[in-house]
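First comes the structure, then the notes that go with it.
The values are calculated or read from the model by the stated rules, or taken from the named source; none is laboratory data. Predicted model, so just to flag it, every value in this text is computed and none were measured. Heads up, the Cβs are rebuilt from the backbone with ideal geometry, glycines too, and the neighbour counts pull from every protein chain shown.
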Amino acid sequence: MHKGELWKNTLATLEVEVSKPNFAAFISKTKLASLTKGEAVIACPNPLIAERLKKRYAGIIKEVLTNLTGENCRLTFKVQRNQSPSPKTADLGPLFTRLKNGDGLFPSYTFENFVVGLSNQLAHAAALAVANQPGTLHNPLLFYAGVGLGKTHLMHAIGNAVKMKNSEARIHYCPAESFTNEMIEAIQDRRTAAQFKKKFRSVDVLLVDDIQFIAGREATQEEFFNTFNELYLSGKQIILTSDRHPQEIKSLETRLVSRFSGGMIADIQPPDLDLRIAILRQKAKEQGTALNDEIILALAEQVAGSIRQLEGTLTQLLLLTQTHRETAPEELVALVVQNNSYHQPPPSVSPEAILRETCRQFKVPKEALVSGKRTREVVLPRQAAMYLLREVTSLSLEKIGELLGGRDHSTILHGLKVIEERLKADPLFRKQLDVAKTTIQRCGEVETFSGKIGFKTV
Ligand code: ADP
Ligand code: MG
C-alpha cells in the first residue's frame, strides 16, 4: 500500500477508535513521514502533539499500523512544522464529514441515520420525546452505555432535531473533559470566569458528553452542579451521557447523582445480530455501496462488539474491496476480521456458569439463591453472586437483578456494597470469592451470545 493510502486507512481506523475531540486535535494533524523496515516516522505539527501522541496514542497507532502492514511496526514521532495539511476531508470519505458547527453539534449525527433495534429502542424513544418537547418531559435525560454504542450520536441527534425545529434555540454540546478544561482556564481571572458561567448558563439545551469524567474533581463538580441547577430551574433541557449508571460512578458527589437521577435514565445495550445487520446495510448505503446479504451477515456475525467497531471494520472492508477487486469478498471479510482481532469481544462466560459456581462454593442450592428467602445462609451467597456477575460480565444492574429472582437495581447496588466492605474486612471470604472467580475464569463456558449481552474478560 502506498504511504499516503496507508496513513489514510490508519486515520480512518483511528477515527472510530479515539474520541472525536482528541482525534481532531491530535491525530488528524499528523502524517506518515516514512516507513522503512517497520520503522514508522510520524510527523506532527508541534511538540505538544508529538508528546501527547507518544504518551497516549502510540499503542493504538502501532497496533493499527501493524495490522494494516502485517509488519511489526515501531514508532518515532518527529516535529515537522508547516507541513502541508493532512488529507482533505473529502478524500477520507463520509467518516470525515462530521465537522462541527459553533454549537459543537455534528450535523451528520441525526435521528434519520440512527438505526433502532431492541438494544437502543428505549434510549431512542426518550431522545425523540425530548427532541419534541425539550425542557419539559425528561429533564435531565441521561444515556449510559459502554463505548461505541451510540450515546454521542443520539445526543447530537436531539440537538440537531431541536435546531431544525427552532433555529433560534441556543444549543451547546461539549464533552465533560472540555467543560473541565475550559473551566480551569476561565477561573484564572474574574472576567473570563464570568464569561464561562454565562456561556454555559445561557443555553436552552446543554449536552454534556461522558459526564463520568468530572467525578473526583471537586471544583468542576461544584461548577457543574450550579450550572445544572440554574438551567434546570429555568426549564432548560440538560442531556448527559455516561459510561455507567450515575449511582455507579465512583467519586461522583451524591448531590450530582441525585440530580442526574431526577429525570430519565436510559441505557443502551450492545447491538444484537439483527441490529448489526441493519446498521451495516445502512452504513454501506451511506457510503454509496451495496454489499450482498451474505457478506453483511458474515461481518455482522463476526464483529459482535460495539457499533463503532462495526463501522470501523466495514470501512476497512470497503477500502479493501476497492483495492483488491480480484479477491473474493468472503476472503476480504476474513482478512478484515483477522486484522481487527483487537476488535473481537473477549471470551464470554455465561451468567449460569457464574451462578453455578457461586452455589458450589457457598454450598447453597440455586433455587434458594433466586428465591425470596432472606436468611443469612442465602443472603450472603446471593450477594456474592451479584458481585461475581458484576465483576465478570458487563451486565447491567437490572439484568443481574432479573437473574437473581427479579430483584431491583437498588438491592443489587446494596449487595455490591456489602460484599466490597466484607472483602476488605474478611480475608477468608476474600479467598473464597477469589477461588470462585478463578474457577469461573478457567472453566467458564465460552458461549457465543447473539450479542445482546457484552461480557468482559475475567
Ligand atoms: P458512544 O458515544 O456511545 O461511544 P457513538 O455515539 O460515538 O458512541 O457511536 C459510535 C459510532 O457508531 C458513531 O459513528 C455512530 O454514528 C455509530 N452508531 C452508534 N449507534 C448507531 C445506530 N443505532 N445507528 C447508526 N449508527 C450508530
Ligand atoms: Mg461518545
Q) Hey, among 117, 150, 146, which residue is touching a Gly at 6+ places or on another chain (Cβ under 7 Å) and small (Gly, Ala, Ser)? A) 146
Q: Go through segment 337-437 and tell me which helices (runs of 4 or more DSSP H), entirely inside it, have 3 or more residues that are among the polar types (S, T, N, Q).
A: none
Q.
I'm checking my understanding of the structure. Among residues of segment 1-49 that are small (Gly, Ala, Ser) and either under 30 Å from residue 241 (Cα atoms) or out of contact with any strand residue (DSSP E or B) (no Cβ under 9 Å at 6 or more places or on another chain) (or both), which one is surrounded by the most Cβ atoms within 10 Å (Cβ to Cβ)?
A. 12
(Q) If I filter segment 127-146 down to residues being outside any strand (DSSP E or B) and under 19 Å from the mean Cα position of the chain (by Cα), which single residue comes out as nearest to ligand 1 (Cβ to nearest atom)? (A) 145
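Go through 304, 298 for me and flag whichever is of a type in the set (Gly, Ala, Ser) and touching a Pro at 6+ places or on another chain (Cβ under 6 Å). Outline the logic, then answer.
On the way: 298 fails: touching a Pro at 6+ places or on another chain (Cβ under 6 Å).
The unique qualifying residue is 304.
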Q: Inspect all residues belonging to segment 249-260 and state whether any of them is within 16 Å of ligand 1 (Cβ to nearest atom) and either crowded, with 16+ Cβ neighbours inside 10 Å or without any contact (Cβ under 8 Å) to a residue 24 or more places away in the chain (or both).
A: yes
Q. Any idea which of (1) surrounded by 14 or more Cβ atoms within 10 Å (Cβ to Cβ); (2) modelled with pLDDT of 85 or more; (3) more than 27 Å from the chain's Cα centre (by Cα) is the one residue 83 doesn't satisfy?
A. (2)
Q.
Going by what's in this entry, would residue 169 be described as within 16 Å of ligand 2 (Cβ to nearest atom), within 18 Å of residue 239 (Cβ to Cβ) and over 17 Å from the mean Cα position of the chain (by Cα)?
A. no
Q) Within segment 135-146, how many residues turn out to be surrounded by 22 or more Cβ atoms within 10 Å (Cβ to Cβ) and hydroxyl-bearing (Ser, Thr, Tyr)? A) 1
Q) Scanning for something modelled with pLDDT of 85 or more, among the hydrophobic types (A, V, I, L, M, F, W, C) and either assigned to a helix (DSSP H, G or I) or within 23 Å of residue 367 (Cβ to Cβ) (or both), does segment 441-448 turn up at least one residue? A) no
(Q) Looking at 55, 8, 3, 29, can you tell me which residue is under 23 Å from the mean Cα position of the chain (by Cα) and away from ligand 1 (no atom under 16 Å from the Cβ)? (A) 55
**Q.** Cβ-Cβ under 9 Å pairs, at least 6 apart or on other chains, segment 100-126 side over 17 Å from residue 149 (Cβ atoms), far side crowded, with 17+ Cβ neighbours inside 10 Å and among the aromatic types (Phe, Trp, Tyr)
**A.** 100/106; 100/173; 103/173; 104/173; 105/173
(Q) Whether any residue in segment 42-52 is within 16 Å of ligand 1 (Cβ to nearest atom) and either closer than 17 Å to residue 319 by Cα or in contact (Cβ under 8 Å) with a residue 24 or more places away in the chain (or both) is what I want to check. (A) no
Q. Can residue 181 be described as free of Cβ contacts under 8 Å to residues at least 60 places away in the same chain and in contact with a Lys or Arg (Cβ under 9 Å, 6 or more places away or on another chain)?
A. no
Q. Only one of (1) within 22 Å of residue 121 (Cα to Cα); (2) of a type in the set (Ser, Thr, Tyr); (3) more than 11 Å from ligand 1 (Cβ to nearest atom) fails for residue 306. Which number is that?
A. (3)
Q | Leading residue by the ranking (surrounded by the fewest Cβ atoms within 10 Å (Cβ to Cβ)) among those in segment 147-189 that are away from ligand 1 (no atom under 16 Å from the Cβ) and polar (S, T, N, Q) | A | 167
Q) Out of all the residues in segment 284-308, which are touching a residue at least 24 places away in the same chain (Cβ under 8 Å) and not in a helix (DSSP H, G or I)? A) 287, 289, 291, 292, 303, 304, 305, 306
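Of everything in segment 197-211, what is closer than 12 Å to residue 174 by Cα and either more than 16 Å from ligand 1 (Cβ to nearest atom) or surrounded by fewer than 23 Cβ atoms within 10 Å (Cβ to Cβ) (or both)? Give them in sequence order.
Pass one, segment 197-211, residues closer than 12 Å to residue 174 by Cα: 199-200, 205-211.
Matches in segment 197-211: 199, 200, 205, 206, 210.
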Q. From the list 276, 325, which one is out of contact with any Asp or Glu (no Cβ under 7 Å at 6 or more places or on another chain), surrounded by fewer than 18 Cβ atoms within 10 Å (Cβ to Cβ) and among the basic types (Lys, Arg)?
A. 325
Q: Return the pairs, sorted by first residue and then second, in which the second residue is basic (Lys, Arg) and not in a helix (DSSP H, G or I), the first residue lies in segment 266-283 and is in contact (Cβ under 8 Å) with a residue 12 or more places away in the chain and away from ligand 2 (no atom under 16 Å from the Cβ), the beta carbons are less than 6 Å apart, and the residues are 6+ apart or on different chains.
A: 272/452
Q.
Report every pair of residues separated by at least 6 positions or lying on different chains whose Cβ atoms are under 8 Å apart, first residue within segment 199-219 and closer than 22 Å to residue 166 by Cα, second away from ligand 2 (no atom under 16 Å from the Cβ) and among the hydroxyl-bearing types (Ser, Thr, Tyr).
A. 200/227; 201/227; 206/227
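Can we say residue 130 is more than 15 Å from ligand 2 (Cβ to nearest atom) and either surrounded by 15 or more Cβ atoms within 10 Å (Cβ to Cβ) or over 28 Å from residue 250 (Cα atoms) (or both)?
yes
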Q. For segment 387-431, how many residues meet the condition of being closer than 20 Å to residue 266 by Cβ and in contact with a Gly (Cβ under 8 Å, 6 or more places away or on another chain)?
A. 4
